[in-house]
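Undergrad: One structure coming up, written as structure tokens, with questions to follow.
FYI, it's all coordinate maths here, none of it is from the lab. This one's a predicted model, so the numbers in the text were calculated from it and none came from an experiment. We place every Cβ from the backbone using ideal geometry, glycine too, and count neighbours over all the protein chains shown.
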């Protein structure tokens, strides 16, 4: 005689009525993974001793009445992964010993009321079907039920008394019942230890919920719409509470009072603004607390001395530092800001954070999608012991606090700049930027000489360079004012409006400078080609329109981070970093590509310009100094931009050989360096600066002399000389207007140009290319 028979995976589509005759001692029968379309009722009538049978993974679509009528000894029946859409009302009659019934992964449209005859049923599974409702008193004939699994059904209605009077029920799991709005009445179901009702629309819990569940150890009500919580004091055996992804706004003093056995509490992804100072004061066993992604601005520490796992990340309003003295046992923590890890000995260090959080975070979501019925074993008492032993073993392996996010060069604990070399460099750049650009702007705008379009562009570049210097100066000021204690102010600084404005100014100034330089290069190239036509009113108006578009484009680019997640606050440097979030990396790469295109256009324009000069058109260049100056600016800015471009593309390609310290140095020193070099090159090498400065000095002397002359009387000779001097200033202005980018042909020279000879004055000298 046989005690078991394996007939699985044989493509069997028919079982003869008498095939099991004589196997009266057969206890286990495997017919799974075949092609059966119906229950072989007649064949099973000769198996009175059968205790376990699986018909899973077949094509059965209907179970008729009395299908297992003679299997009175059957204890386990697996019918999962079939196509069953209907059950006869008496299909399970005769299964007096059945304890486990698996109907998972079928096509049932209605609740299987035929189970009411299974008085000894202990484990029932019918998840992943199409059942839309569970009727009142659904399990009235199953008082021995210990576990029910029916998640992943489109359940819209659950009778309020559906789960009443199930004194042996230990586990109740209902996931994905999106239409449930009320908490079920569990009167008489006093042995329940694990209750999971996730993915529903329950908005409140009855105040008597814990009175009905005195033995509850695990409560999972995640992914609901809970707004208020009752007092859980009566659930004295609770060890784990999951309430993440709800609408909870406040934790009161008595919500979790006297839950001496509670070890894990998950309140993540809610809208909690207030936690009472004593909300956790009576939880002596609590070792894991997750209140991440809420709206907290303060966090109570009373009663949390035994905490080993703490998660506060995502509470962006929680910016104050938390003292490590309040958490002597803490081993793993996640904070909103890296600066808050400084108090736990994590200064400038990089830790590998425990994967315990990730495992817990994914557990509830994974439960939605499990396809194997055997994988959904809800933890019993022994599982709970193993679960918490894993915590303890993990803690023994680590002796220091693992804090995330870790501080580093971009999240410093003590000093924003980090080194004196960077600090001195930034202050030097700021000083030179303000001084040199102010000097350039003053000489151009205040000079009595004619201001051509190229000088207008030079002066505007100087103005935007001042904005870059201002942004760097703000960072230098923050570094100085928080010297040695930056962690106390880091979170407030990088999330405040000051950091946003600083980042906006920096990006706007950088982009506007590049766009204006591109326009200047194109203007020089065009002026050389059309030397006799360029300085007309219409062409100057075109340049001014182009300048307007340059500023508008730079402003739009600078505003984009504010509209896409406030990327300026990703670091205290107030700049979108070339690593981290995909949006920030994409923004930086797009910025680098755009700027590289500008440099390419400038290079091509000047290459064509010099090629033209080599062909014998040297005589058309009347202002060689400006052509050379723009070429020098192009070369300098392009060289200085190469490290920034390299950083962005290396981050895109995941090249990690560049240390964060080097990246920080480039962002603080190299990026603003053109703002001080551009005016310095103009002051040192461009003859126009000396001319403008001399004219400005003469104008100042004239102004002082005329002021003095108005106070005292002068003789006629002095008056005549003063008149001549005034004529000099006027003629010099007119002379410069004509000589700029235009040939000195007599036909184009107005009579005012020759007036300089009457006062023995010389016009402005421009050096031609030779």
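Undergrad: Of the peptides 91-100, 176-185, how do they stack up when ordered by the mean number of other Cβ atoms within 10 Å, highest first?
TA: Details: 91-100: 19.9, 176-185: 17.8.
Going from most to least packed, we get 91-100, 176-185.
Undergrad: Label the range 420-690 by shape, choosing from rounded, prolate and oblate, from the square roots a ≥ b ≥ c of the eigenvalues of the Cα gyration tensor; if a/c is under 1.5 it is rounded, and otherwise prolate applies when a/b is larger than b/c, oblate when it is not. Before the final figure, lay out the partial values.
TA: Values: a/c = 2.08, a/b = 1.72, b/c = 1.21.
Taking the square roots of the gyration eigenvalues as a ≥ b ≥ c, the range 420-690 is prolate.
Undergrad: Could you tell me, in Å, what Rg and Dmax come out for the Cα atoms of the range 1-131?
TA: My reading of the Cα-based Rg and Dmax gives 13.5, 42 Å.
Undergrad: Right, next: Can you pull the Kirkwood radius for the range 665-706, inverse mean 1/r over Cα pairs, to one decimal in Å?
TA: Details: mean 1/r = 0.0803 Å⁻¹.
Every distinct Cα pair counted, the radius reaches 12.5 Å.
Undergrad: Could you sort the peptides 588-600, 500-512 by per-residue average Cβ neighbour count (10 Å cutoff), highest mean leading? It would help to have the intermediate numbers written out before the result.
TA: Details: 588-600: 16.9, 500-512: 22.8.
The peptides rank, most packed first, as 500-512, 588-600.
Undergrad: I'd like the distance separating the alpha-carbon centroids of the range 474-507 and the range 644-679, in whole Å.
TA: 19
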